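Heads up, the thing below is written out as structure tokens.
The values are calculated or read from the model by the stated rules, or taken from the named source; none is laboratory data. All figures in this text were calculated on a predicted structure; none of them were measured in a lab. Please note: Cβ atoms are built from the backbone with ideal geometry, for glycine as well, and neighbour counts cover all protein chains shown. These area figures cover heavy atoms from the full protein model, side chains too; ligands, DNA and RNA do not enter into them. Shrake-Rupley method; radii C 1.70, N 1.55, O 1.52, S 1.80 Å.
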Protein chains: 2
Amino acid sequence: MVEQHIASAFDRDLEAIQARIMKMGGLVESAIREAAQALETRDEELALTVRQGDKAIDGLEELINEETARLIALRSPAASDLRLVLSVMKIAGNLERIGDYAKNMAKRTGVLAQGPSISEGTSALRRMAREVERMLKDALDSYIQRDVELARDVIERDRDVDQMYNALFREFLTHMMEDPRNISACMHLHFIAKNTERMGDHVTSIAEQVIYLVTGEKPEEDRKKYDTTSTTPQEI
Amino acid sequence: MVEQHIASAFDRDLEAIQARIMKMGGLVESAIREAAQALETRDEELALTVRQGDKAIDGLEELINEETARLIALRSPAASDLRLVLSVMKIAGNLERIGDYAKNMAKRTGVLAQGPSISEGTSALRRMAREVERMLKDALDSYIQRDVELARDVIERDRDVDQMYNALFREFLTHMMEDPRNISACMHLHFIAKNTERMGDHVTSIAEQVIYLVTGEKPEEDRKKYDTTSTTPQEI
């Protein structure tokens with residue numbers, strides 16, 4: 001009886017932490033969406049909202065880390081529960097990083113609003129961000145529902161994001177070569193594209209945690225990267 | 001007597017984990033140095049060594065996380081000890097990220113070796129990487145010795161790294177404008193510069209952990225960033 005009581009106290013504590021993860025996930029999804037919208041519509045006010053909102057995301061991560069540590073110390077969870085608790089910390093870390101990238105996108109919006117408009121670029125970036133946002137939603141759903149199939153689907157879709165990045169990389173290079181006045185703006189857009197691609201990597205890492213939790217299966221050591229731009233010379 | 005016995009078992013376990021942190025730190029310092037050297041001398045073999053070496057760094061982080069969790073579960077440390085244990089996990093996370101950036105630098109070396117040489121750029125990058133490597137060494141020393149002054153010095157020096165990055169950003173933009181054939185190489189070099197600047201941020205985060213551990217003082221919420229390129233329009 002006592003054991004069961006302890007076990008359910010652990011579950012209750014963990015549920016409270018997971019609720020915070022979901023809240024954090026919701027804030028990060030909004031940050032991605034609003035940062036990409038601000039970039040496309042050159043809305044500096046919205047960009048500022050995203051930048052300021054990042055503090056709440058960081059605060060949640062800190063809270064989750066503290067509560068998780070307290071949970072471990074208080075309940076001394078067994079191996080499989082410990083794995084679960086550590087995955088919560090990792091997911092919070094991934095979400096925090098994604099939030100940082102969204103904030104950085106918002107920061108660059110201010111600079112870009114002052115230069116020439118590269119509108120095809122910014123709308124392609126918004127599509128890319130939209131896909132990452134959807135992947136994030138599904139990755140978090142797969143976590144809550146322990147849905148391995150959905151998690152695998154998220155990982156699969158990260159390839160599309162990598163390919164969107166590759167296409168943008170080439171597009172920005174072309175713009176830069178065509179007109180040197182585009183160079184500065186394209187450098188910023190390129191960073192945004194790369195950061196969005198990295199958001200996708202963090203979402204993938206969340207999905208991999210889900211697979212590991214349910215199946216005990218670790219992701220392949222060398223998951224094939226579909227961003228080829230750092231290893232392939234560009235032919236333009 | 002029993003309490004004291006438990007306390008020293010905690011200390012012993014923690015020391016073992018800290019020894020791993022130091023080993024991880026040594027590997028990361030080498031990775032930074034060798035990646036920058038490979039970039040400057042266009043040494044693709046050395047670059048490959050760096051890329052392969054990242055697995056050992058990742059493996060150490062995983063081990064540290066597992067051992068740290070086990071330590072918390074087994075010893076149920078009090079608040080201040082828990083803070084110490086969590087800082088170990090954070091530092092391992094910072095080191096792993098720095099290792100990733102070094103690996104990425106090594107990956108780009110292969111592409112760059114096939115294009116035009118931008119030798120002033122790569123030697124400036126190597127100087128920047130050298131400074132980050134020194135900062136990392138000092139940050140880890142400050143951690144082991146609980147040396148707040150040294151930690152503050154590291155944080156101060158990150159400004160220089162940010163300024164080196166700003167200078168390189170402008171230099172690469174100029175190269176790109178002068179000759180479109182430099183654009184592709186400069187994009188890669190620019191990423192490397194940005195990643196090196198981010199390494200400095202992670203080193204700073206380690207130093208901030210030290211200050212927090214010793215003084216309980218949190219870093220300012222909005223530590224002034226001296227990378228101004230994402231918020232200032234470029235005048236060229």
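Taking segment A:37-50 as the range and being touching a residue at least 12 places away in the same chain (Cβ under 8 Å), more than 15 Å from A:Ile98 (Cβ to Cβ) and in a helix (DSSP H, G or I) as the test, the residues that pass are A:Gln37, A:Ala38, A:Leu39, A:Glu40, A:Glu44, A:Leu46, A:Ala47, A:Leu48, A:Thr49. Only one entry in A:Gln52, A:Gln18 is within 11 Å of chain B (Cβ to nearest Cβ) and either under 22 Å from the mean Cα position of the chain (by Cα) or within 20 Å of A:Val210 (Cα to Cα) (or both), namely A:Gln52. Condition first: in contact (Cβ under 8 Å) with a residue 60 or more places away in the chain, touching a helix residue (DSSP H, G or I) at 6+ places or on another chain (Cβ under 6 Å) and polar (S, T, N, Q). Can you find one or more residues in segment A:54-72 that meet it? Among the residues of segment A:54-72, not one is in contact (Cβ under 8 Å) with a residue 60 or more places away in the chain, touching a helix residue (DSSP H, G or I) at 6+ places or on another chain (Cβ under 6 Å) and polar (S, T, N, Q), which makes the answer no.
This table checks each residue for (1) open to solvent by less than 10 Å² (accessible area, probe 1.4 Å); (2) modelled with pLDDT of 90 or more; (3) touching a Cys at 6+ places or on another chain (Cβ under 9 Å).
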site: A:Gly26; (1), (2), (3): no, yes, no
site: A:Glu29; (1), (2), (3): no, yes, no
site: A:Glu34; (1), (2), (3): no, yes, no
site: A:Ala38; (1), (2), (3): yes, yes, no
site: A:Gln52; (1), (2), (3): no, yes, no
site: A:Glu61; (1), (2), (3): no, yes, no
site: A:Ile72; (1), (2), (3): yes, no, no
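Taken as a whole, the condition of being in a loop (DSSP other than H, G, I, E, B), modelled with pLDDT under 90 and either more than 9 Å from every other protein chain (Cβ to nearest Cβ) or surrounded by fewer than 15 Cβ atoms within 10 Å (Cβ to Cβ) (or both) applies to B:Arg223.
Among residues of segment A:74-89 that are open to solvent by 60 Å² or more (accessible area, probe 1.4 Å), those with a Cβ under 9 angstrom from a residue that is acidic (Asp, Glu), sequence gap 6+ or separate chain, pair up as A:Leu74/A:Asp13; A:Arg75/A:Asp13; A:Arg75/A:Asp81. Residues that are among the acidic types (Asp, Glu) and either in contact with a His (Cβ under 7 Å, 6 or more places away or on another chain) or over 15 Å from A:Ala31 (Cα atoms) (or both) within segment A:124-159 comprise A:Asp138, A:Asp141, A:Asp147, A:Glu149, A:Asp153, A:Glu156, A:Asp158, listed in sequence order. Which one of these is more than 17 Å from the chain's Cα centre (by Cα), open to solvent by 30 Å² or more (accessible area, probe 1.4 Å) and under 22 Å from B:Cys186 (Cβ atoms): B:Glu120, B:Glu67, B:Glu45, B:Glu149? Answer to the selection: B:Glu120. Taking the criterion of being in contact (Cβ under 8 Å) with a residue 24 or more places away in the chain, closer than 12 Å to A:Met177 by Cβ and either in contact with an Asp or Glu (Cβ under 6 Å, 6 or more places away or on another chain) or facing chain A (nearest Cβ under 10 Å) (or both), the residues of segment B:163-185 that qualify are B:Met177, B:Arg181, B:Ser184. Residues in segment B:159-189 that are open to solvent by 50 Å² or more (accessible area, probe 1.4 Å) and not hydroxyl-bearing (Ser, Thr, Tyr): B:Arg159, B:Asp160, B:Gln163, B:Met164, B:Ala167, B:Arg170, B:Glu171, B:Met177, B:Glu178, B:Pro180, B:Arg181.
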